[in-house]
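Student: The following block contains the structure, expressed as structure tokens.
All of the numbers you see were taken from the coordinates with simple rules; none came from a lab. Keep in mind the model is a prediction, meaning the values are calculated, not measured. Every residue, glycine as well, gets a Cβ built from its backbone with ideal geometry; the counts of neighbours run over all protein chains shown.
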Amino acid sequence: MVIRKVILNFNFLYQDDMDGIADDNVSVLTFINNFFDGLGVQSVNVDIDKVDSILRSMRLDFPHKDGLENASPFKKAANFICYFVAEKPVITTIPSEILGQEFLEIKKEPTNAIVALEVAIEALHGAEIYREDGQCTLSKKIKLSNHSYIDIADALCNITPNTHFRLVSVLLEQMAYKSNPDCQYQ
């Protein structure tokens, strides 16, 4: 599968206030459009009301003990993935000839899981990690083998915000640290 690179600042998912949700909507919808365009799919159907709902809901009652403001980028990205996959806002499916045979074996339709994973990977690239011993930037993009990518997309197809947030957060953290070992905690 060919994925187009779209550069995003991590904060595109979590603007500082609820008014920033309009900007987040534009960023997420632009990402989705560019992603599908990069795959050669000329038009994509997205439920924009669901995208708006995702961006609002993922801020409310954020599942981190110290709240959204103090959460790591991994927790923020995980929360986005969980809400996005649960709501399934992308109606257009990635054509099977683009996905390839391995993805066809996934029992659930993987498009929303793939899009959410791609958003998280792009958003984490360049994210800053604040540790007691200083700040570290995830300067290297997460890289996955095809086999891992397929298995992760498959696993993400069935997630929900209430039950999978922590697991997805740890998964993203470990994937990022594999590419950026200097950023992981001792």
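Student: Going from the alpha-carbon gyration tensor of the stretch 111-186, what semi-axes, largest first and in whole Å, does one get by taking the root of 5 times each eigenvalue?
Tutor: 23, 14, 11
Student: Would you calculate the separation in nanometres between label points at R131 and L29, each defined as 7 Å from the Cα along the Cα-to-beta-carbon direction?
Tutor: Between R131 and L29, the label points sit 4.0 nm apart.
Student: Now for a separate question. If neighbour count is taken as other Cβ atoms inside 10 Å, put D61, D52 in order from fewest to most.
Tutor: D61, D52
Student: Label points 7 Å out from Cα along the Cβ direction at D66 and N45: separation in nm?
Tutor: So the two model labels end up 4.5 nm from each other.
Student: How big is the C-alpha Rg of the stretch 10-183 next to the rule-of-thumb value 2.2 N^0.38 Å, as a ratio?
Tutor: On the way: Rg = 15.6 Å, N = 174, 2.2 N^0.38 = 15.6 Å.
The reported ratio for this selection is 1.00.
Student: Which residues' amide hydrogens lie under 5 Å from the amide hydrogen of T137, considering only partners 5 or more residues apart or on another chain, with H built in the peptide plane?
Tutor: Close amide H contacts, sequence-distant or interchain: I129.
Student: Pick from F31, F62, F84 the residue whose mean-square fluctuation is largest in a GNM of the chain, springs joining Cα atoms under 10 Å.
Tutor: Evaluated over the chain, the most mobile residue of the options is F62.
Student: Further question: Please identify, among L138, L29, L167, the residue showing maximal mean-square fluctuation in a Gaussian network model of the chain using a 10 angstrom Cα cutoff.
Tutor: L167
Student: Do you know the Lys pair count in the stretch 10-183 for C-alpha distances under 15 Å, with sequence separation 8 or more or different chains?
Tutor: Close lysine pairs found across the stretch 10-183: 7.
Student: Moving on to the next point. What relative contact order, as a whole-number percentage, does the chain give when Cα pairs under 8 Å and 6 or more residues apart are counted? It would help to have the intermediate numbers written out before the result.
Tutor: Details: 239 pairs, mean separation 45.2, N = 186.
Here the relative contact order equals 24 percent.
Student: How large is the helix-only mean residue ellipticity at 222 nm for the chain, computed as the sum of -39500 (n - 2.57) over DSSP H runs with n ≥ 4, divided by its residue count, in deg cm²/dmol to the nearest 500?
Tutor: It lands at -16000 deg cm²/dmol.
Student: Under the Karplus relation 6.51 cos²θ - 1.76 cosθ + 1.60, θ = phi - 60°, what is the ordered set of whole-Hz ³J(HN,Hα) values for the stretch 30-47, x standing for Gly and Pro?
Tutor: Values, residue by residue: 5, 4, 4, 4, 5, 4, 5, 4, x, 7, x, 8, 6, 9, 10, 9, 10, 7 Hz.
Student: Now, a different point. I need the phi-derived Karplus couplings for the stretch 141-156: 6.51 cos²θ - 1.76 cosθ + 1.60, θ = phi - 60°, integer Hz, Gly and Pro marked x.
Tutor: My calculation for the stretch 141-156 gives 5, 4, 10, 10, 5, 4, 4, 5, 4, 5, 5, 5, 4, 4, 5, 6 Hz in order.
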